[in-house]
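Trainee: If you scroll down you'll find the structure; I have some questions about it.
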Protein chains: 2
Amino acid sequence: MAIAPHIKEAMSGSSFIRKMFEDGIQLKKKFGEENVFDFSLGNPDLEPPEGVITAIKEEAAADVKGSHGYMPNPGYPETRAAIAKKISIEQNKQISGDNIVMSVGAAGALNSVFKAILSPGDEVIVPAPFFVEYRSYAANHGGKLIPVPTNDDFSLNINEIKKALSQKTAAVLINSPNNPTGKVYSDDDIIMLSDTLTAHGEACGRKPYLIADEPYRAIIYNDLHIAPVFQYYDDAIIVSSFAKDFSLPGERLGYIAVNPASSSAADVIAACGYATRVLGYVNAPAFFQRVIARCWDAKADYSSYVNRRNSLTAVLNKAGIPYAEPEGAFYLFCKVPERTVTEGEMTAGAFCDHLKKYNILGVPGAGFGKEGWFRLAYCVSEKTIVKSEAAFCKARKEW
Amino acid sequence: MAIAPHIKEAMSGSSFIRKMFEDGIQLKKKFGEENVFDFSLGNPDLEPPEGVITAIKEEAAADVKGSHGYMPNPGYPETRAAIAKKISIEQNKQISGDNIVMSVGAAGALNSVFKAILSPGDEVIVPAPFFVEYRSYAANHGGKLIPVPTNDDFSLNINEIKKALSQKTAAVLINSPNNPTGKVYSDDDIIMLSDTLTAHGEACGRKPYLIADEPYRAIIYNDLHIAPVFQYYDDAIIVSSFAKDFSLPGERLGYIAVNPASSSAADVIAACGYATRVLGYVNAPAFFQRVIARCWDAKADYSSYVNRRNSLTAVLNKAGIPYAEPEGAFYLFCKVPERTVTEGEMTAGAFCDHLKKYNILGVPGAGFGKEGWFRLAYCVSEKTIVKSEAAFCKARKEW
C-alpha cells in the first residue's frame, strides 16, 4: 500500500482546475504561450499594486532583526491591528486586532475555522455552485459539505437553505462575489439569511455560524457593494486573503475575522489560533505579514478586469456561448451550448475536452456542484482574450 | 456550542511551549527583557546567514513579473531542483526535483505526508521523547502516534520499536538531532532500524515508511554526522525546513523528499502534492521559495550554539541540575533535581512552575512523552545564559 486508499480515490476524482493548469503549461511549451487560451486558473495576471511592490522592497531593505522568527500563532500584533482597521472600514463597525487571526491564505483560514468549529458528522451548508475545494476543506475536519441550489440567477435561495438546516448544521458558508459565477449576494438576501439562521438557532438550540469567504470583495463591478455580514449577523466569521485583490496568491497570506458581537468570539479566536498551530501552518508567513502591515490599504486598479470581462463576453456573444453576467471577481460561468454538428454527451466535461482541441482551457462545472456549465477565468491578458475569438467560434461551430 | 468540544478539550491539554512563549512576552514587559530567562521556544535568535539576507534583498529588488502568483502545488521547478541538489549532497545519492514537494515548513511537510499515507486507525511509531506536536499531526489525519521508549542515553531502542510494529504501522518517525534531547542517532542504529522494518514488511506484507524529520540536521556538534536514511532504507521520506539552520521559522518554508528507490515514490510525491493543496497550504510561500533557490547553500555559522551549550551546561553544573549532553540542535534536556528544601510533587510541571518564580522559562517533558525531565532551548543570547546562573542556583537551592 503506497498511499492511503481513500486519498488515491480522492485524487483520481480530484479538481480538474489544477490538472488544467498543469496541462496548460505543457500546451504552452508545445504551441507557444501566444497560442494557448488558458482560462483555467484564478491566478491573477495583474502585477501587485505599486504600493505592495514598494512595501516588499522596503521590508527587505529594512532587514529588521528577528523579523523572520516565530511570532505568536495568530500573527504580529501590528498586522492583526492593520487587518482590523481594514475590516472596520469594510464592515462599518469597530473591530480590534484581538478579533483577527492571520492565516496561510483564505484556504488556510477556512481550514482553521473548520478545525475549530466542526465535530465529526457536522454539516456546512453552501449555495451551489461553489469553490471546488470547499468539499475537501470540510472533509479534512470530519465535516460534510451540503450544497444547496441557488436561484436561476445564482442568487441565494433562502428556502433551499432553510430545508437543509438541521441540528447538524455548524455553519453556512457563502462566497460573494462568487467563484465560479461572479454573483454578488444582495444585502436583502444576507438579511433574510441571517433571520433564517437566527430563527433556526432559536428553534433547535444550535445557531450556525455564517462564514463569509471574501477574497474577491474588492473586485466588483457596476457600483455594487458586498453586504457587511458583521452588521447583520452576530455569529459571523469572515475569511479572506490578499491573493486576488493584491495578486499575491502564491504568498499565502490570509486572515480570519470574528464578529466581536458573537458571544463565542473569544473562544473561536483562541480555537482558530490553536488550529493554525496544530494543522502545521503554525503562523502566516512572517515576511508578508510585515509587508501587509505596511500596505494593506494600497490602491489597486481593477479596471482591466472590467475590460476583460467586456472583451470575453463579446467573444462569447460572437461565438454563441451563453453565460451569466458576472458582478464581481474574474470568472465567467458559461452554459454548455446545444450541440449543432456532432452528437454526444452534453456535459461540461465533454465540452471542455472539445475546447481543449482548440487550445482553450476551461473548467467543467461538475466540481463546482453545477453540471452543464463551465468556468472561464479571465485574469489573463486582453490579447489572449481577443486572440481566443477565432478559436471559440471554431469550437462552437464544430460542436 | 461555541467551538467543537474535542477541540476545547485538546486546547486545555495543549502544548505548554506556546503558552510559555506568550507568558514570556508578558514577563518581559513586566520585569524587562534583561531579567527574564526565556528558554521556552525553539525560535533561533541568530539572524539568518548573510547569504540569505542578500538573497531576500535581491529577490525583492528583482521584482520579477508574476513572481507572487500560483505555481504548481509542489513548488517552483527551480526550487525543487535546488532542494534536490541539497538532498543529493546530504544523502550522497542522486535525487531529482521530481522527488521533492515544497511545503509550509516541516510541520506542513509532515501533515502532507500523514494525509498522503495514513488511513483511519493507522499508527505512527515514534521514539520518545519527541516533538510535542507530532501527536496532533498524526491525529489530524486519523492516525495515532505510538511513542516507544528509548535507551537511557536516548538512543534508539530497536527492541521497543520491534514490539510496537504491527499491521497498523504506517510509518516510523525519527527526529535526529532530536528535539528535545539533542540526541543524534548513529548510522548503526539507523541500519538496524531499517533491517527491522524490512523484516517486518516481509513478514506482514506492509512495509512501514521511515520518516526522518531533519530540521536540525545542520546544527550538530563534535564532528558527528546525520545518518543518510536514503542510503539505508528504500521507503524513506525526509521532511525538513529552513526554520532552524537558516533562522527562518516564521517564513514557513519546508520540503518533503521521497527516496527515488521507493517503489511508491511517484505515488507518494503525487499524493503529497495533492495533500498540500487540499489541506489549504496550496503551496509553500512563493517569495521564500524564490529566495531559497538563490541561497540554499549559504554558509551558516553555528559556533555560537556550541558556546551557548557550553555556557548553559556550566550554569546547570554550578546549580546542580542534571542534564543529557546534546549532540546537536539547541535544546538541553534536563532532569528534575531531587527536592532538598521543600516537599511536594517531583513532576517537571511543578519544577517549571518553581523556575518561573525566578523568571526562568522551561518546558516540562510530559508533552514530549518523558515525565521527570524538562527542556531548555538555548537559542538565546549568551548574556541571557550567563545572567541566568544566579537565578538557576537560587531556584535549585530553594527547591
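Bear in mind these aren't lab numbers, they're just calculated from the coordinates by the rules spelled out. Note that the coordinates shown come from a computational prediction; the quantities given were computed from them, not determined experimentally. Here the Cβ is made from the backbone with ideal geometry for all residues, glycine too, and neighbour counts use every protein chain on show.
Trainee: Relative contact order of region A:23-117: what whole-number percent is it, with Cα pairs under 8 angstrom and at least 6 residues apart?
Mentor: 16 percent.
Trainee: To continue, here is another question. With N denoting the number of residues in chain A, provide Rg(C-alpha) divided by 2.2 N^0.38 Å, to two decimal places.
Mentor: Numbers: Rg = 21.2 Å, N = 399, 2.2 N^0.38 = 21.4 Å.
Computed over Cα atoms of chain A, the ratio equals 0.99.
Trainee: Within 10 Å of each Cβ in peptide A:25-36, how many partner chain Cβ atoms are there on average? Round it to a whole number, please.
Mentor: On the way: counts 3, 0, 0, 0, 0, 0, 0, 0, 0, 0, 0, 0.
Whole-number average of other-chain Cβ neighbours for A:25-36 is 0.
Trainee: Where in region A:290-399 are there GluC sites (Glu not before Pro) that are in a DSSP coil and have at most 13 other Cβ atoms within 10 angstrom of their Cβ?
Mentor: A:GLU338, A:GLU343, A:GLU345, A:GLU398
Trainee: Here is a follow-up. Over all Cα pairs of region A:4-110, how is the pair count split among 5 Å bins, expressed in % and running from 0 up to the last occupied bin?
Mentor: Going out from 0 Å in 5 Å bins, region A:4-110 shows 2, 9, 9, 13, 15, 13, 13, 13, 11, 3, 0 percent.
Trainee: Would you kindly work out, in nm and rounded to one decimal, the distances from the label point of A:THR54 to those of the same position in each other copy, ordered shortest first, with label points 7 Å along Cα-to-Cβ?
Mentor: Values, ascending and in nm: 3.0.
Trainee: At 7 Å along the Cα-to-beta-carbon direction for both A:GLN26 and B:VAL306, put a label point, then send me their distance in nm to one decimal.
Mentor: About 5.1 nm, to one decimal.
Trainee: Let me ask you something else. Put a dot 7 Å past each Cα toward the Cβ at A:GLU160 and B:GLU58; how far apart are the dots in nm?
Mentor: Simple spin-label model gives 5.4 nm for this pair.
Trainee: Starting from the amide H of A:GLU47, placed 1.01 Å from N in the peptide plane, find each other amide H under 5 Å away whose residue is 5 or more places distant or on another chain.
Mentor: Amide H neighbours of A:GLU47: none.
Trainee: Between B:HIS141, B:HIS68, B:HIS225, where does the largest GNM mean-square fluctuation fall for chain B, given springs only between Cα atoms within less than 10 Å?
Mentor: The residue that fluctuates most here is B:HIS68.
Trainee: Tell me, what is the Rg over Rh of region B:158-205, with Rh the Kirkwood radius over Cα pairs?
Mentor: Working: Rg = 11.7 Å, Rh = 11.7 Å.
Computed over Cα atoms, the ratio is 1.00.
Trainee: What residue among A:VAL341, A:VAL113, A:VAL104 shows peak mean-square fluctuation when chain A is described by a Gaussian network model with Cα springs under 10 Å?
Mentor: Looking only at A:VAL341, A:VAL113, A:VAL104, the largest GNM fluctuation is found for A:VAL341.
Trainee: If you average the C-alpha positions of region B:118-138 and of region A:285-336 separately, how far apart do those two centres end up, in angstrom?
Mentor: Cα centroid of region B:118-138 versus Cα centroid of region A:285-336: 43 Å apart.
Trainee: While we're here: Can you tally the net charge around A:ALA82? Count Lys and Arg as +1, Asp and Glu as -1, for every other residue whose Cβ sits under 9 Å from the Cβ of A:ALA82. Walk me through the numbers on the way to the answer.
Mentor: Details: positive: A:ARG80, A:LYS85, A:LYS86, A:ARG294; negative: A:GLU78, A:ASP297.
So the surrounding residues net to +2.
Trainee: Return the equivalent ellipsoid semi-axes of region B:244-399 as a descending list in whole Å, where each equals the square root of 5 times an eigenvalue of the C-alpha gyration tensor. Each step should come with its number before you reach the end.
Mentor: Details: eigenvalues 314, 79, 39 Å².
Whole-Å semi-axes of the equivalent ellipsoid: 40, 20, 14.
Trainee: Please arrange B:MET102, A:MET11, A:MET20 by counting, for each residue, the other beta carbons lying within 10 Å of its beta carbon, fewest first. It would help to have the intermediate numbers written out before the result.
Mentor: Details: B:MET102 31, A:MET11 19, A:MET20 22.
Ordered by Cβ neighbours within 10 Å, fewest first: A:MET11, A:MET20, B:MET102.
Trainee: Assuming a viscosity of 1.002 mPa s and a temperature of 20 °C, what translational diffusion coefficient in µm² per second does Stokes-Einstein assign to the protein assembly as shown, Rh being the Kirkwood radius over Cα pairs?
Mentor: On the way: Rh = 27.4 Å.
After rounding, the answer is 78 µm²/s.
Trainee: In addition: Of B:ALA2, B:CYS379, B:ILE220, whose Cα points farthest to the positive end of the dipole of the protein assembly as shown (charges on the beta-carbon: +1 Lys, Arg; -1 Asp, Glu; origin at the Cα centre)?
Mentor: B:ALA2
Trainee: May I pose another question? Which trypsin sites (Lys or Arg not before Pro) from region A:233-341 combine a DSSP loop assignment with at most 11 other Cβ atoms within 10 Å? Don't skip to the answer; put the middle values down first.
Mentor: Numbers: sites: A:LYS244, A:ARG252, A:ARG277, A:ARG290, A:ARG294, A:LYS299, A:ARG308, A:ARG309, A:LYS318, A:LYS335, A:ARG339; in loops: A:LYS244, A:ARG252, A:LYS299, A:ARG339.
Those satisfying the criteria are A:LYS299.
Trainee: May I pose another question? I'd like the distance separating the alpha-carbon centroids of region A:190-239 and region A:23-44, in whole Å.
Mentor: 37
Trainee: Working from Cα positions, state the angle (0 to 90°, nearest 10) between the long axis of helix A:77-91 and the longest principal axis of chain A.
Mentor: So the inclination is approximately 60 degrees.
Trainee: Using 30 Å as the Cα-Cα cut-off, could you pick out the over-long pairs in A:LYS65/A:LYS85; A:LYS383/B:LYS85; A:LYS357/B:LYS93; A:LYS163/A:LYS335; A:LYS387/B:LYS85; A:LYS162/A:LYS370? Provide the component values of the computation, followed by the final result.
Mentor: On the way: A:LYS65/A:LYS85 26 Å; A:LYS383/B:LYS85 39 Å; A:LYS357/B:LYS93 42 Å; A:LYS163/A:LYS335 27 Å; A:LYS387/B:LYS85 41 Å; A:LYS162/A:LYS370 20 Å.
Over 30 Å Cα-Cα: A:LYS383/B:LYS85; A:LYS357/B:LYS93; A:LYS387/B:LYS85.
Trainee: One decimal, nm, shortest first: give the distances between the label point of B:GLY320 and those of the same position in the other copies, each label point 7 Å from Cα along Cα→Cβ.
Mentor: Spelled out, the distances from B:GLY320's label point are 9.6 nm.
Trainee: Please identify, among B:ILE117, B:ILE100, B:ILE211, the residue showing maximal mean-square fluctuation in a Gaussian network model of chain B using a 10 angstrom Cα cutoff.
Mentor: In this elastic network of chain B, the residue with the biggest mean-square fluctuation among B:ILE117, B:ILE100, B:ILE211 is B:ILE117.
Trainee: Hey, what did region A:50-295 get for relative contact order, percent, Cα under 8 Å, at least 6 apart? Intermediate values should be presented prior to the final figure.
Mentor: Numbers: 475 pairs, mean separation 72.5, N = 246.
Once divided by the residue count of region A:50-295, the mean separation gives 29 percent.
Trainee: Relative contact order (percent) for region B:308-399, with alpha-carbon contacts under 8 angstrom and 6 or more residues of separation?
Mentor: Details: 152 pairs, mean separation 34.6, N = 92.
It rounds to 38 percent for region B:308-399.
Trainee: Just add up the charged neighbours of A:ALA319: K/R +1, D/E -1, any other residue whose Cβ is under 9 Å from the Cβ of A:ALA319. Intermediate results must be reported in sequence, preceding the final value.
Mentor: Details: positive: A:LYS318, A:LYS394, A:ARG396, A:LYS397; negative: A:GLU389.
That works out to +3.
Trainee: Mind listing the phi-derived Karplus ³J(HN,Hα) values for region A:174-179, rounded to whole Hz, using 6.51, -1.76 and 1.60 with θ = phi - 60°, and x for any glycine or proline?
Mentor: Karplus values, whole Hz, x for Gly and Pro: 10, 9, 9, x, 7, 9.
Trainee: Assign unit charges at the C-beta atoms only (+1 for Lys and Arg, -1 for Asp and Glu), then state the dipole size of region B:308-389 relative to its Cα centre in Debye, rounded to the nearest 20. Mind dumping the intermediate values first?
Mentor: Working: 11 positive and 9 negative charges, 59 e Å.
Using Cβ point charges on Lys, Arg, Asp and Glu, region B:308-389 gives about 280 debye.
Trainee: If you don't mind, there's one more thing I want to ask. Per-residue counts of other Cβ atoms within 10 Å, averaged by peptide: what ranking do you get for A:258-270, B:124-136, highest first?
Mentor: Descending packing order for the listed peptides: B:124-136, A:258-270.
Trainee: I've got another one for you. Could you put A:THR54, A:THR313, B:THR342, B:THR181 in order, starting from the residue whose Cβ has the fewest other Cβ atoms within 10 Å?
Mentor: Details: A:THR54 15, A:THR313 18, B:THR342 8, B:THR181 32.
Fewest to most other Cβ atoms nearby, the residues stand as B:THR342, A:THR54, A:THR313, B:THR181.
Trainee: How many Cβ atoms of partner chains, on average, are near each residue of B:272-278 if near means within 10 Å of its Cβ?
Mentor: Details: counts 2, 2, 9, 7, 0, 8, 14.
Counting other chains' Cβ atoms within 10 Å and averaging over B:272-278 gives 6.
Trainee: Working from Cα positions, state the angle (0 to 90°, nearest 10) between the long axis of helix B:187-204 and the longest principal axis of chain B.
Mentor: That helix lies at roughly 60 degrees to the long axis.
Trainee: For B:ASP213, enumerate residues with amide H under 5 Å from its amide H, sequence gap 5+ or separate chain, H modeled in the peptide plane.
Mentor: HN-HN under 5 Å from B:ASP213: B:ILE174, B:ASN175, B:SER176, B:VAL239.
Trainee: State to the nearest 20 debye the size of the charge dipole of region A:129-180 about its Cα centre, where the only charges are +1 on K and R beta carbons and -1 on D and E beta carbons.
Mentor: Numbers: 5 positive and 4 negative charges, 64 e Å.
Taking the Cα centre of region A:129-180 as origin, the dipole is about 300 debye.
Trainee: Another question about this same structure. Could you pull the copy-to-copy label distances for B:LYS397, with points set 7 Å along Cα to Cβ, in nm to one decimal and sorted shortest first?
Mentor: Once sorted, the set of distances for B:LYS397 reads 9.6 nm.
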